[in-house]
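Asker: One structure, pasted below without further comment.
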Ligand code: ASP
């Protein structure tokens, strides 16, 4: 077989049957020219043995959420409880400036939060640009379980949360307020690395039950009312109970234009492993978009119904965390670049 560097997309497609993603990833990097096509993804002849429960989340900070999710499951909670409780850990962490309490505010100095949750039965709940709420993930779950709707936004989402008995919380910490005041002087756009992150947490239970959720304060100093990909079902998160679950972190404006997480799950439905599906989604978006992949900030984690997992993104620094009954680890995801 040709080495990856020698493969053009065309020649690769013609040798597709023999190739695997592992053949193409060199030093954890994959180039758009070395694309998989959906034909390259070979369906397993027999189902792999399920290795679950497993929780997979974005970034190193996801580890705490994973472990809380695992503990919730061990204590008798169901998969949705596990996802919710896991994400609540991240939301309450004041040192995390991209999720929940202590998150970076919008341009007006207000912390506006996005979150969603989805289960294996295609039920979903979501809140967008919600203010004064410590745990948007829990409000998203209440939207799913107690209303006829999937998504509530802004003042209506806040009103609903308070009606459900949730006490309002000031989400802007003094430290973030001071940073915002400094930012007001220059109003300089933050770099991709410092401006945003999301906790996206997906999991596969012992019996193959899949669930997922995500939560973020979004793009730092965004325009008031800006909504990212995270609360949009199919963009920041998608769960197909018969296939797998995927979640995103990165620039929401780019992820949402391609329904990124839905694409990852669709690639898994066609036989890709979770890692292959994340890689193929990033490549597919990179091929279509005029922006260079390195400027798009598209990063995904995924798990399938067998408990297999993976992550890949266009950001070289993208990392993800995995927790199984054997323990947790955080590692570099595959970097996909042109
Ligand atoms: N995707 C989130 C947003 O655009 C932020 C991130 O994950 O970095 O709001």
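What follows draws every value from the coordinates through simple rules; no lab data is involved. Predicted, not measured: the structure shown is a model, and the values here were computed from it. Here Cβ is always computed from backbone atoms with ideal geometry, including for glycine, and neighbour counts include all displayed protein chains.
Asker: Could you work out which residue, out of 320, 122, 309, moves most in a Gaussian network model of the chain, that is, has the largest mean-square fluctuation with Cα springs under 10 Å?
Answerer: Looking only at 320, 122, 309, the largest GNM fluctuation is found for 122.
Asker: What span do the alpha-carbon atoms of the chain cover on each of the three principal axes, reported in whole Å from largest to smallest?
Answerer: Answer, in whole Å and largest first: 60, 49, 35 Å.
Asker: Let me ask another. Helix 174-186 against the longest principal axis of the chain: what's the angle in degrees, Cα atoms only, rounded to the nearest 10?
Answerer: 80
Asker: How much length is gained if the chain between residue 270 and residue 107 is pulled fully straight, taking 0.36 nm per residue apart and subtracting their Cα-Cα distance, in nm to one decimal? Don't jump to the answer; show the numbers that get you there.
Answerer: Values: separation 163, 0.36 × 163 = 58.68 nm, distance 4.22 nm.
This chain segment gains 54.5 nm when fully extended.
Asker: If you rank 300, 101, 262 by fewest surrounding Cβ atoms within 10 Å, what's the result? Write out the running numbers ahead of the final one.
Answerer: Values: 300 33, 101 23, 262 18.
Placing the least packed residue first, the sequence is 262, 101, 300.
Asker: Taking R0 as 56 Å, what FRET efficiency do you get between residue 287 and residue 148 from their Cβ-Cβ distance, rounded to the nearest 0.05? Provide the component values of the computation, followed by the final result.
Answerer: Values: r = 39 Å, r/R0 = 0.69.
Calculated transfer efficiency: 0.90.
Asker: Shifting gears a bit: For Cα pairs less than 8 Å apart in space and 6+ apart in sequence, what is the mean separation divided by the residue count of the chain, i.e. the relative contact order in percent? Don't skip to the answer; put the middle values down first.
Answerer: Details: 904 pairs, mean separation 74.8, N = 338.
Contact order relative to length: 22 percent.
Asker: How far, in degrees from 0 to 90, does helix 154-163 lean away from the longest principal axis of the Cα atoms of the chain, to the nearest 10?
Answerer: 70
Asker: What nm distance separates the two modelled labels at residue 159 and residue 253, each placed 7 Å from Cα along Cα→Cβ?
Answerer: 3.0
Asker: Here's another thing I want to ask about it. Report, to two decimal places, the Cα Rg of region 198-338 normalised by 2.2 N^0.38 Å (N = number of residues). Before the final figure, lay out each step's value.
Answerer: Values: Rg = 14.0 Å, N = 141, 2.2 N^0.38 = 14.4 Å.
Relative to the 2.2 N^0.38 Å estimate, region 198-338 comes out at 0.97.
Asker: Summing -39500 (n - 2.57) over the DSSP H runs of n ≥ 4 in the chain and dividing by its residue number, what mean residue ellipticity at 222 nm do you reach, to the nearest 500 deg cm²/dmol?
Answerer: Values: 11 runs with 103 residues, N = 338.
For the chain, the value works out to -8500 deg cm²/dmol.
Asker: Once the mean 1/r over all distinct Cα pairs of region 68-135 is inverted, what Kirkwood radius in angstroms do you read off?
Answerer: Details: mean 1/r = 0.0770 Å⁻¹.
After inverting the pairwise mean of 1/r, the radius is 13.0 Å.
Asker: Sort 205-215, 327-337 by the packing proxy (mean of other Cβ within 10 Å over each peptide's residues), most packed first. Don't skip to the end; give the middle numbers.
Answerer: Working: 205-215: 25.0, 327-337: 17.5.
Descending packing order for the listed peptides: 205-215, 327-337.
Asker: Choose one answer from 187, 85, 51: the residue with the largest mean-square fluctuation in a GNM of the chain with alpha-carbon springs under 10 Å.
Answerer: Highest fluctuation among the options: 187.
Asker: Please arrange 87, 130 by how many other C-beta atoms lie within 10 Å of their C-beta, fewest to most.
Answerer: On the way: 87 32, 130 27.
Least crowded to most crowded, the residues run 130, 87.
Asker: Could you give me D for region 217-257, from Stokes-Einstein at 20 °C and 1.002 mPa s, where the hydrodynamic radius is the Kirkwood radius over C-alpha pairs? Units µm² s⁻¹, please. All intermediate terms of the calculation are to be shown ahead of the outcome.
Answerer: Values: Rh = 10.9 Å.
Value of D from the Cα-based Kirkwood radius: 196 µm²/s.
Asker: I would also like to ask the following. I need two numbers for region 188-253: Rg to one decimal and Dmax as a whole number, Cα atoms only, in Å.
Answerer: 13.8, 49
Asker: Which angle from 0 to 90°, rounded to the nearest 10, does the C-alpha axis of helix 260-269 make with the longest principal axis of the chain?
Answerer: It is inclined by approximately 40 degrees.
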